Amino acid sequence: MAAHDTSFWSKHQILEKNSIILVIGILLMISVGGIVEIAPLFYLKSTIEKVGGVRPYTPLELAGRDIYVREGCYTCHSQMIRALKDEVERYGHYSLAAESMYDHPFQWGSKRNGPDLARVGGKYSDDWQRAHLAAPRSVVPGSIMPNYAFLFDRELRLEHLGEHMTIQSIEGVPYTQEQIANAAVDAAAQLNPDDKNASAFAKRWPTAVVRTVAKPGKITEADAVVAYLQMLGTLVDFKIYDEKANLR
């Protein structure tokens, strides 16, 4: 046994004493491991499970998401609920990859100065969301979030929404030419149930929720952000997944 051990270590010393051989060995091990991990993915049509209900953002929601990213909201709020008991009990069903399939870039992350927002849609009213944007401590006394009251004074620019949707379609988001051509019209219609284009909007976006503006006669950036927040986590019927889990 001792002779065997001596023979083994004498051979191992070749790696320890020769840096070039050691580097070559490391590269070979990494290459083999990488091939084992990556090669199977080439045989999959998609690494994202198809989930019913998931749709692209409406023009208004997409604009709200852009403002959300622009203002750095993602640095304090992740949209990634892990499959851990305490996470699920606090925020809701764990995040599915399909929920972010139309996000460029996605908002998953681990940094949380504030709560995770993956399931915030419908949790509070539109009025609560507006109050929270304008003066966070008026509804959450201990909040460290800065005020975003200026969003209520900035008029949302609708003329570039179609162009942004076109770029998103290049990334793989399945926007139709009709949806892109009517981006500005649909953004206005989603904020006014009495809009003359409301019926056309409903046909193009059958599952989208029509909201209201914060200031009558003016579509602001705050309206877009609220529309975006209010749809987060509302597209998927998680009862289906809970029932499947119970049957296992």
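Tabulated data for the structure shown
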quantity: Residue check, GLN230 under 23 Å from the mean Cα position of the chain (by Cα) and buried (at least 20 other Cβ atoms within 10 Å of the Cβ); calculated: yes
quantity: Tally, over region 85-118, of residues that are closer than 21 Å to ILE240 by Cβ, more than 11 Å from the chain's Cα centre (by Cα) and of a type outside the set (Gly, Ala, Ser); calculated: 7
quantity: Residue that is surrounded by the fewest Cβ atoms within 10 Å (Cβ to Cβ), among those in region 108-137 that are closer than 25 Å to LEU191 by Cα and of a type in the set (S, T, N, Q); calculated: SER125
quantity: Enumerated helices (runs of 4 or more DSSP H) restricted to region 57-148, each holding at least 1 residues that are assigned by TED's automatic domain parsing to the domain that holds ASN192, at pLDDT 95 or above and of a type in the set (Gly, Ala, Ser); calculated: 59-70, 126-134
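A quick yes/no check of all residues on (1) modelled with pLDDT of 75 or more; (2) surrounded by fewer than 10 Cβ atoms within 10 Å (Cβ to Cβ):
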{"site": "SER19", "(1), (2)": "yes, yes"}
{"site": "ILE26", "(1), (2)": "yes, no"}
{"site": "ILE30", "(1), (2)": "yes, no"}
{"site": "GLY34", "(1), (2)": "yes, no"}
{"site": "ILE38", "(1), (2)": "yes, yes"}
{"site": "LYS45", "(1), (2)": "no, yes"}
{"site": "VAL54", "(1), (2)": "yes, no"}
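The values are calculated or read from the model by the stated rules, or taken from the named source; none is laboratory data. What you see is a predicted model, and the numbers here were worked out from it, not measured in a lab. Quick reminder, even Gly has a Cβ in these numbers, built from the backbone with ideal geometry, and neighbours come from all protein chains shown.
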